[in-house]
Amino acid sequence: MINAKNALDMTIQQIKYFLALSNELHFWRTAEKVFISQSALSRQIQSLEDEMGILLFERDKRNVKLTDAGKFLQEKWTVTINDFEQVVQQAKKIDEGTSGFVSFSYPGSIAFKFLPNFLEVLNLNLPDLKLELVEPTDENHEQLLLNYSTDIAFSRDEIKNINIASFKLFSEPICLVVPKNHWLTTDSLKNLNELKDEKFIISGLYKTTFFASLLRSFFEKNNFKPKTIIESDFGGMILNLVSKELGISILPSSFKFSKTKNIRFIDLNEEIDLYINFRKNDPNKIITKVVDYAKSLKK
């Protein structure tokens, strides 16, 4: 009968010795493969059997064969040991900062160039890393980081929180987005008030998101009130509507890389930043490596 307490005393190494012998069914050849003496192997197997109260092998001077209980354990333990080895290997990778899981939140504007380039770098240097990408509609990246819903947040504004590190990656202009055949050009635009009759498709200016706040400030500085006909926070949708000639918009220049047909971008005298934000002193070592790779793409 199995003694439960003693069964817990068996070691992983003993199980590995058992599996090696169950495959070879020869003590001398097995001992050579596992780099111990034949007598030491015999003692380990005997100890395992004693601890479990189970006869694993039938043996005489010439032959070794598995008992039915031994065959059952060979089948089950082979799977268990393989799973165990994979888990240990994964843990080592995480400890070394070469594997694991990282969640990103990001603004849609970087989905066409910066983010794909960044993910390509990660795939090349950290091929075992599993990623989750989230484009939050409320852009509350700070709260996502603090409640561990995301590990790294790309945002258009610097997060000022004692528990969060924030690093500026680059700045870029915001642009007027117009249909290709629109009368407006870089040279022809002298004053925003020339656009008083244009139909705008932009983020709702009443919202508290960073980009909505930037647009409000920009319009106030230029003493201009846009005629907004459609409100949307989704840049991809806005681009499609402009390409259908339903109106014009203002978006970060990163949207140029969307390659949407029938639109043009005109740089404005206003810039927007991109920051990478992450929790300070995060125990997940992979975060530091991922942040460093992002910094390497800094413009």
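The values are calculated or read from the model by the stated rules, or taken from the named source; none is laboratory data. Remember, it's a predicted structure, so these values are computed and weren't measured experimentally. Note: ideal-geometry Cβ built from the backbone for every residue, glycine included; neighbour counts use all protein chains shown. Please note that ligands, DNA and RNA were not included when accessible areas were found on the heavy atoms of the full protein model with its side chains. Shrake-Rupley method; radii C 1.70, N 1.55, O 1.52, S 1.80 Å.
Hey, could you check segment 151-165 for residues that are under 21 Å from THR208 (Cα atoms) and not small (Gly, Ala, Ser) and say which is most open to solvent (accessible area, probe 1.4 Å)?
Filtering segment 151-165 for residues under 21 Å from THR208 (Cα atoms) gives 153-161, 164.
Still in the running and not small (Gly, Ala, Ser): 154, 156-161, 164.
Numbers: PHE154: 0, ARG156: 18, ASP157: 54, GLU158: 83, ILE159: 14, LYS160: 167, ASN161: 35, ILE164: 7 Å².
Checking each candidate, the answer is LYS160.
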Output the number of residues of segment 79-89 satisfying the condition of being at pLDDT 90 or above and open to solvent by 30 Å² or more (accessible area, probe 1.4 Å).
2
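When segment 166-206 is examined, which residues are found to be of a type in the set (Phe, Trp, Tyr) and surrounded by 11 or more Cβ atoms within 10 Å (Cβ to Cβ)? Outline the logic, then answer.
First, the residues of segment 166-206 that are of a type in the set (Phe, Trp, Tyr): 167, 170, 183, 200, 206.
Correct list: PHE167, PHE170, PHE200.
Pick from LYS61, LYS71, LYS92, LYS76: which is exposed (fewer than 15 other Cβ atoms within 10 Å of the Cβ), assigned to a loop (DSSP other than H, G, I, E, B) and of a type outside the set (Val, Ile, Thr)? I'd like the intermediate steps shown before the answer.
Details: LYS71 fails: assigned to a loop (DSSP other than H, G, I, E, B); LYS92 fails: assigned to a loop (DSSP other than H, G, I, E, B); LYS76 fails: assigned to a loop (DSSP other than H, G, I, E, B).
The match here is LYS61.
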So if I check each of SER109, SER103, which one is in contact with a Phe, Trp or Tyr (Cβ under 8 Å, 6 or more places away or on another chain) and not hydrophobic (A, V, I, L, M, F, W, C)?
SER109
For segment 156-187, which positions are assigned to a strand (DSSP E or B) and polar (S, T, N, Q)?
SER166, SER171
